[in-house]
C-alpha cells in the first residue's frame, strides 16, 4: 500500500513542476521586451527636455525643412503681379456689374410694370355691368321656363347671375383695399429704415430708393413708381402726394405731409419719421384689439347661420307640414338650401372680412 508520505511527495512534485512552467511562461515576454532597444526621445518632446543631444545638426537639415527651391517657386515677377491684380479687379467689376444690373432690373420691373398696368386698365361702368347682368338673368329665366324647369329654377339662376355681376363691380375695390392693407402693414418698417438712413447722412431720394429695393411688397412698388415720376420731371412733393392718394393709409398721408413740410421749411426728418412709425405701430395694435373683440359676436352669428339656421328651419318645416300639410314645394326647399343659406353665409363672411383692420 502507498503511504501518506508518498502521496504528499507526489503532490509536492506536481506543484513544483507547474510553478516552474508558469514562471518560464511569464519570463519569455519579459525577455523579448528587454531585447527591444528604446528609441531616444526627440528634442522638444517629453523625455527630451532633460537631456538634449549634443550632436550638431547636419548641413542639409535646415535646408530640407524650408527648401530654397520652394521659395524660389513662390516668387513672382512684377509683370505677373500686375496681371494677377488685373484679373482680380476684373472679377470684382463683373460681380458689381451683375449686382447693379439685377438691382436695376428689379427696380424697373417694380416701377414700369405698375405704370403699364395702370394705363392698360379700362374701368367698366358699374351701371353697364348691372344692366348686362339683369338682361342676362332675365333671358336665362325665360329660357329655363320655356325648357320646363320651372320658374323657381329660373329665378335662382337669375339671382346667381346678378350676384356674379355685383362681385365683378366690387372686385377692383377689393383688390385696391388689399393692396392698401399690404402697404399699411409694411409702412412702420419702411419709415424706420428711411429714418435710419437719413440719420446716417443719406439723402431723401437715396432713402426712398433703398425702400423701393427692400422688398416691402406693394409699398416698395409705390416708392419705385414715385421715383420714376420724379425722374421724368415731376416734383418730389407732387409725386409723394400722388403716392399717398393711390394708397388709402392715414399713416402714409401723415408721413408724406411731414416729408413735404420738411422739404419746404427744414427740420429733423429722421426723428419725425421715427415718431410716426411708432404711432402707426401703436394704432395697428389697438385696431387688432378692437377687431378681436368685435369678432366674437360675429362668430356667434356666423355659426348660427351656417349650422343652426338650416337645422332649425328644417325642424320647423317638418312640424308645419305635419299640421298644415305641404307648406313649400320641394323645389323651393331645394333652392333655399342650395342658394339662400350659402348666400347668407357668404354675406356674413364678407362682412367679417370688411371689418378686418387695414394693417
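The values are calculated or read from the model by the stated rules, or taken from the named source; none is laboratory data. All figures in this text were calculated on a predicted structure; none of them were measured in a lab. Every residue, glycine as well, gets a Cβ built from its backbone with ideal geometry; the counts of neighbours run over all protein chains shown.
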**Asked** Can you name the condition, by its number, that residue 281 falls short on among (1) outside any helix (DSSP H, G or I); (2) under 21 Å from residue 218 (Cα atoms)?
**Response** (1)
**Prompt:** Looking at (1) touching a residue at least 40 places away in the same chain (Cβ under 8 Å); (2) closer than 21 Å to residue 357 by Cα, which is the one condition that is false for residue 254?
**Reply:** (1)
**Request:** Could you check, for the stretch 291-302, whether at least one of its residues is closer than 30 Å to residue 220 by Cα, surrounded by 12 or more Cβ atoms within 10 Å (Cβ to Cβ) and in the same structural domain as residue 186 (by TED's automatic domain parsing)?
**Result:** yes
**Asked** Taking the stretch 313-332 on its own, how many of its residues are in contact with a helix residue (DSSP H, G or I) (Cβ under 9 Å, 6 or more places away or on another chain) and modelled with pLDDT of 80 or more?
**Response** 3
**Of the criteria (1) assigned to a helix (DSSP H, G or I); (2) more than 22 Å from residue 149 (Cβ to Cβ); (3) touching a helix residue (DSSP H, G or I) at 6+ places or on another chain (Cβ under 8 Å); (4) at pLDDT below 80, which one residue 354 fails** = (3)
**Prompt:** Which numbered condition trips up residue 316, out of (1) more than 30 Å from residue 204 (Cβ to Cβ); (2) surrounded by 14 or more Cβ atoms within 10 Å (Cβ to Cβ)?
**Reply:** (2)
**Prompt:** Out of 248, 283, 237, which single residue is within 30 Å of the chain's Cα centre (by Cα), in the same structural domain as residue 188 (by TED's automatic domain parsing), at pLDDT 85 or above and at negative phi?
**Reply:** 283
**Item:** Among (1) closer than 26 Å to residue 151 by Cα; (2) in a helix (DSSP H, G or I), the one test that residue 327 misses
**Value:** (2)
**Asked** For the stretch 328-353, which residues satisfy the criterion of being more than 19 Å from residue 154 (Cβ to Cβ) and touching a residue at least 40 places away in the same chain (Cβ under 8 Å)?
**Response** 345, 348, 349, 351, 352
**Fill in**
Residues in the stretch 257-271 that are in contact (Cβ under 8 Å) with a residue 40 or more places away in the chain and either within 18 Å of residue 189 (Cβ to Cβ) or out of contact with any helix residue (DSSP H, G or I) (no Cβ under 9 Å at 6 or more places or on another chain) (or both) total 4
**Asked** Is one or more of the residues making up the stretch 290-300 part of a helix (DSSP H, G or I) and over 30 Å from residue 183 (Cα atoms)?
**Response** yes
